[in-house]
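The values are calculated or read from the model by the stated rules, or taken from the named source; none is laboratory data. As the structure is a computational prediction, the values presented were derived from the model and not from experiment. Quick reminder, even Gly has a Cβ in these numbers, built from the backbone with ideal geometry, and neighbours come from all protein chains shown. Only protein heavy atoms, including side chains, enter the accessible area calculation; ligands, DNA and RNA are left aside. Shrake-Rupley method; radii C 1.70, N 1.55, O 1.52, S 1.80 Å.
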Amino acid sequence: VVVGNVGSDDRLNYTALGDGVNLASRLENLNKSYDSHIMISEHTHQVVKDNFEFRLIDKVAVKGKVQGVYVYEILREKGGVKDVELEEYNEVFQNAFSLYENGKWQEAHDLFSGLFEKHKDDVLLKISLSKIIQF
């Protein structure tokens, strides 16, 4: 990322440029689609994974990138009271997502459906189920 004044004497603008800025902008827009609050890339997840609890959201194709990018939602700081329900949700979701990535549609659908029965308002589960139905 490059940050600073860009332009000419007639039109100078303080801005940030670079791949990181572009990816952050794309993730900010994806938050709306997934009804998430703080979405981060796989790279950022690796850097801060010991400090926060997350949930995997998806592997997305981001404009300007050749490879798909895993994205995560930050849920809360680590160190508080252990949230057993969150841990169970994440474990089942990770298993379902792995099945989905490996083309095991029915098994993934069954796991996502089981989660959806417990979390009817979870937009991510609705999106995951609709993707499987498409395939």
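At 1.4 Å probe radius, can you tell me the per residue accessible area of the stretch 1-63 in Å²? Walk me through the numbers before you get to the answer.
Working: 4380 Å² over 63 residues.
Accessible area per residue, the stretch 1-63: 70 Å².
Of Ile38, Ile74, Ile57, which has the largest mean-square fluctuation in a 10 Å C-alpha GNM of the chain?
Ile38
Taking only the C-alpha atoms, wrap a convex hull around the chain and report its volume per residue in Å³ as a whole number.
Each residue corresponds to 138 Å³ of Cα convex hull volume.
Checking the table Lys82/Lys104; Lys32/Lys104; Lys32/Lys63; Lys32/Lys78; Lys32/Lys131; Lys49/Lys82 against a 23 Å threshold on Cα-Cα, which pairs fail?
As for pairs spanning more than 23 Å Cα to Cα, those are Lys82/Lys104; Lys32/Lys104; Lys32/Lys78.
For Leu12, Leu23, Leu17, Leu111, give me the order by solvent-accessible area with a 1.4 Å probe, most accessible first, ignoring ligands, DNA and RNA.
In descending accessible area the options line up as Leu12, Leu17, Leu111, Leu23.
Note down the accessible area of Arg26, probe 1.4 Å, to the nearest 10 Å².
80 Å²
Calculate what fraction, in whole %, of the accessible area of the stretch 64-127 sits on carbon and sulfur atoms when a 1.4 Å probe is rolled over the protein chains.
49 percent
Within the P(r) computed for the stretch 23-98, what percentage of the Cα pairs occupies the region above 21 Å?
On the way: 770 of 2850 pairs.
Roughly 27 percent, rounded to a whole number.
Kindly sort Val60, Val66, Val2 by accessible area of their heavy atoms, largest first, with the probe set to 1.4 Å.
Ranked list, largest accessible area first: Val66, Val2, Val60.
With every protein chain present, what accessible area does Asp35 have (1.4 Å probe, heavy atoms only), rounded to the nearest 10 Å²?
Estimated to the nearest 10 Å², Asp35 gives 90 Å².
In debye, nearest 20, what is the charge dipole magnitude of the stretch 36-135 about its Cα centre with +1 on Lys and Arg Cβ and -1 on Asp and Glu Cβ, if you could check?
Approximately 440 debye in magnitude.
On the full set of protein chains, 1.4 Å probe, figure out the accessible area of Phe97 and give it in Å² to the nearest 10.
10 Å²
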